[in-house]
Amino acid sequence: MPPSCHAAMRRIKEKTDLTVAIAGNPNVGKSCILNQLTGLNVITANYPGKTVELNFGVTQYGGLTIGIMDLPGTYGISAVSDDQWVARRGVLEGRPDVVIVVVDSSNLQRNLYLVLQFLELGFPVVVALNLIDYAAKIGLRTDYEKLSELLGVPVVPTIAICGEGIKELIGAAVDLAQGKLKVKPLQVSYGRDIESAIAELETAIKEQLPEIPYNLSPRALAIQLLESDPEFTGALTQGGKRRRLRRGWRWGAPPEVIEGLDEEKIESKILGLATSLAGQIEEKHGETASIRILRERHGVAADITSAVQSRITQPPLLSEKLSHYAVTPRTGIPIAVIVMLGVFAFIFSVGSFLSTNISNIWVTFVSPPLSGIIHSMLRNETIARIVVWGMDAGMLAWVTVGVPYVLTFYIALALLEDTGYLNKIAFLSDNVMHKLGLHGRALIPLLTGFGCNVPAIMGTRVLTTKRERLLASTLIVLTPCSARMAVILGAVALFVGWQYAVLIYLFELVLILLVGFSLNKVLPGEPSGLVMEMFPFRAPLVSEVLKKTWYRFKEFIYIAAPLIITGSLILGVLYETKYIWMIVDPMSPITTSWLGLPALVGIPLIFGVFRKELTLELLIALAVMQYGVGAKNLLLFMSPLQIFIFALVITIYIPCVATISVLGKEVGWKNTLLIMAFTITLAIFIGGVAYRLISFFT
């Protein structure tokens, strides 16, 4: 968890009467509940592990100010991946007064595992029994009062997406925090061997640790120690490789608990004992203590579910049938192809329509008076032309390239997320992804990369190994994000032909596969297996799709508009003062001689490190200022082949600065520099070869 999260939670506690954490996997409507409570408009999606960030908000109830902490979507908090690590660290360091665990009533057994883990850590828990409407449709009835009795905590039925049960939920959380509800939380009883080991560890902990960080009970800490990796625990006791705790956190116990002990206690009393007891259990049963504890928890969850749920036989829903067809290779692959072509057609047709009409409106009603006003206000002709570069040519390029295609892509992405189709694509592609050294779940960050590489790379934290995160991050950098999509559609599809835009995407797909295959051979290690829950299709709400689209698109507006204006002004200064040639000439051997592009194209390529669509926007601004408004049609400035090569190079070459920054944090700066050098070299090489091959055959 980022260090700022602890400080953020502390500030919220200072300004609120009590704090509540919301936990659960994203598919159960956890973020919908957060949105209902706080109006934060946190983006939701129907697949687990989508985000590994903490979100904070504030709400009012009964005259109280309540701080809300939204934990990353996850099925557990055993800290085997970064989403679980952040969720666990968030509640341990933030120490909320209550934890609301949102569970899917249509898949209760799977979701109760997380509830049991929070109870084990000693947190006051309220269970939000969500999706009761969908569970009823498939014939599942849940006795929530009996569920509350068995768990020993309040259980509130909810339908988060329409706000049903939300008031009762927050009311139960407040009453529990204020001590108005008398509860006796369930304590999971493990097998005889496990319980004997827990008791022995508890005794040692009580003797050696009178104060346990995070207010964990001796029993809770004992269970965490038994759940840890015995081999790692042994290495720690033998030489103390304690720094591995800081990032990997393979231990169930927080690293601060271990770091608070002195070496003698670590070696002889607690960790040594935990290692010995875990080893005895593994030797006797042929499996680790952590696996046996996991089995026991799942067994308890199964017993509780069978006691509180009943099923009425009903014919399968249409959504269930469609889900089956979507994940069966024989039907799923054709469906995936049709969906992807449909998405492309939607973005191209709607984006082109918006681009053409916005351009006509701007050129007719905005550009002439704006240019006239600027020239009348600024007596110096050179300065006036520089300002026109930014305020007229730059904005024209932005509203006709960035806005139409990025907006339509975000609409398409929201629809794919809210219907749950991304989950099906991930499952369907698992075999192919294994050949790239990944598993199907890694496809979700890759698909997210079509929107923006930054959150996609952050999403690789849900992958369990450093090897997988490095592989996925490298492939994400090669994935055409919405900014590059704007270049491909706004240049190639619009001026050369949609079939050539499709060709670039096909080429990118082949390139990603080749790079993935190669890295899988070079990097040591094997991909982990895929365990993924399949959800049926769900009808998206128009309001949620529009809200999600605007939430993403407004960030694009705030970031991209200042960049294009600033970039256009800088470009104007360089062009009007003739300094542009000091940059263009040294780049000519690459841009002109090797890539076959006009010399001036080198300038937009440099600016592409800020944002990829900036390259096309500045190229259009450059053409407009040099050849007039009509040069918005790039065919007056470049040949179809040059437009194609330009877009191909942009699609492959150096990531934008935001992507570079997050890459440095996620995979290290050494790997980031290698990725940057690799993509630049690859783009220049492929662009030059493609230029010569196409020229030869045409």
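Each value in this text was obtained by applying a stated rule to the coordinates, not by laboratory testing. This is a predicted model, so every value here is computed, not measured. Note that each Cβ is placed from the backbone with ideal geometry, even for glycine, and that neighbours are counted across all protein chains shown.
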What FRET efficiency do you get for Ile680 and Arg10 if R0 is 41 Å and r is their Cβ-Cβ distance, rounded to the nearest 0.05? 0.40
So, by mean Cβ neighbours within 10 angstrom, what's the order for 482-490, 88-96 with the highest one leading? 482-490, 88-96
Taking a ≥ b ≥ c as the square roots of the eigenvalues of the Cα gyration tensor of the stretch 147-206, is the shape rounded (a/c under 1.5), prolate (a/b larger than b/c) or oblate? prolate
Step through the table entries Lys13/Lys180; Lys321/Lys554; Lys13/Lys670; Lys424/Lys670; Lys13/Lys466, compare each Cα-Cα distance with 30 Å, and write down the pairs that go over it. Lys321/Lys554; Lys13/Lys670; Lys424/Lys670; Lys13/Lys466
Within the stretch 162-206, name every residue whose backbone N is under 17 Å away from a label modeled 7 Å from Cα of Ala307 along the Cβ vector. 183-191
Using the basic label-point model (7 angstrom from Cα toward the beta carbon), what is the Ser196 to Phe346 distance in nanometres? 6.0
The extension gain from Ser518 to Lys670, computed as 0.36 nm times the residue separation minus the Cα-Cα distance, is 52.8 nm
Which of [x] 1.02; [y] 1.04; [z] 0.95 gives Rg/Rh (Cα atoms, Kirkwood Rh) as computed here? It is [x]
Stick to Cα atoms and the Kirkwood definition of Rh, then tell me Rg/Rh for the stretch 311-366. 1.39
Among rounded, prolate and oblate, which fits the stretch 63-133 when a ≥ b ≥ c are the square roots of the eigenvalues of its C-alpha gyration tensor, a/c under 1.5 means rounded, and a/b larger than b/c means prolate? oblate
In nanometres, what is the gap between the two model label sites at Leu506 and Ile333, each 7 Å from Cα along Cα-to-Cβ? 1.6
Contact order normalised by length for the chain, with contacts defined as Cα pairs under 8 Å and 6 or more residues apart; what percent is it? 11
